[in-house]
Amino acid sequence: MSQKIPRAIRNKIIERAEHRCEYCRIPDTDSYYGFQVDHIISRKHGGEDELGNFAYACPDCNRYKGSDLGTYLGKNFDFVRFFHPRIDDWSYHFELQTSGLIIGKTDIGNATLKIFAINHPDRIIERKVLCQLGLMDVFT
């Protein structure tokens, strides 16, 4: 069941995220669709409705993530959690290239890229254009 997040809390989340998706870093001002407040750890997994459990997410990242917490990677199918914007440093786990491609630098980064479809060709093209226009900074 969806509950409305108070405007004051939503504004704090947006400001903290600097008006960017906290997963793929795309700016909200350049998105056709409205961004959403994501429960980093969903309620069904024990996540709470508190500022520290909210992330600002583009519709694509939020849709692909759903209520998942991680995925299986590698030949041994090791479970790897997703990037957590409150405890992880984006630049440690990812690198955004001017081509629009986001490279995973860790297993956490690669797990997030895999499930969130961050490097879907359409999303890469969008980031590349935004980088070329100077509307999206390259994060390394």
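The values are calculated or read from the model by the stated rules, or taken from the named source; none is laboratory data. Please read these numbers as outputs of a predicted model, since none were measured by experiment. Every residue, glycine as well, gets a Cβ built from its backbone with ideal geometry; the counts of neighbours run over all protein chains shown.
Going by the conditions given, is ASP60 modelled with pLDDT of 95 or more, of a type in the set (Asp, Glu) and farther than 26 Å from PRO6 by Cβ? Steps first, please.
Working: modelled with pLDDT of 95 or more: yes; of a type in the set (Asp, Glu): yes; farther than 26 Å from PRO6 by Cβ: no.
In short, no.
Can you name the number of the only condition in (1) of a type in the set (Phe, Trp, Tyr); (2) at pLDDT 95 or above; (3) surrounded by fewer than 17 Cβ atoms within 10 Å (Cβ to Cβ) that PHE54 fails?
Exception for PHE54: condition (3).
With the requirement that a residue be hydrophobic (A, V, I, L, M, F, W, C), part of a strand (DSSP E or B) and either more than 13 Å from THR112 (Cβ to Cβ) or in contact (Cβ under 8 Å) with a residue 60 or more places away in the chain (or both), what does segment 47-69 give you? Before the answer, list the steps.
From segment 47-69, those hydrophobic (A, V, I, L, M, F, W, C) are 51, 54-55, 57-58, 61, 69; that's our starting set.
Applying the additional criterion that residues be part of a strand (DSSP E or B) yields 54-55, 57.
Once the filter is applied, which keeps residues that are hydrophobic (A, V, I, L, M, F, W, C), part of a strand (DSSP E or B) and either more than 13 Å from THR112 (Cβ to Cβ) or in contact (Cβ under 8 Å) with a residue 60 or more places away in the chain (or both), segment 47-69 yields only PHE54.
Can you tell me which of (1) under 11 Å from the mean Cα position of the chain (by Cα); (2) farther than 19 Å from LEU135 by Cβ; (3) not polar (S, T, N, Q) is the one PRO59 doesn't meet?
Failing condition for PRO59: (2).
Would you call LYS44 in a loop (DSSP other than H, G, I, E, B) and either farther than 26 Å from ILE103 by Cβ or more than 16 Å from the chain's Cα centre (by Cα) (or both)?
Details: in a loop (DSSP other than H, G, I, E, B): no; either farther than 26 Å from ILE103 by Cβ or more than 16 Å from the chain's Cα centre (by Cα) (or both): yes.
Considered against the rule, which asks whether it is in a loop (DSSP other than H, G, I, E, B) and either farther than 26 Å from ILE103 by Cβ or more than 16 Å from the chain's Cα centre (by Cα) (or both), LYS44 comes out as no.
Could you grab me the full set of residues in segment 71-114 that are crowded, with 17+ Cβ neighbours inside 10 Å, within 28 Å of LEU133 (Cα to Cα) and in contact (Cβ under 8 Å) with a residue 24 or more places away in the chain?
Of everything in segment 71-114, those that are crowded, with 17+ Cβ neighbours inside 10 Å, within 28 Å of LEU133 (Cα to Cα) and in contact (Cβ under 8 Å) with a residue 24 or more places away in the chain turn out to be PHE83, PRO85, TRP90, PHE94, LEU96, GLY100, ILE102, GLY109, ASN110, THR112, LYS114.
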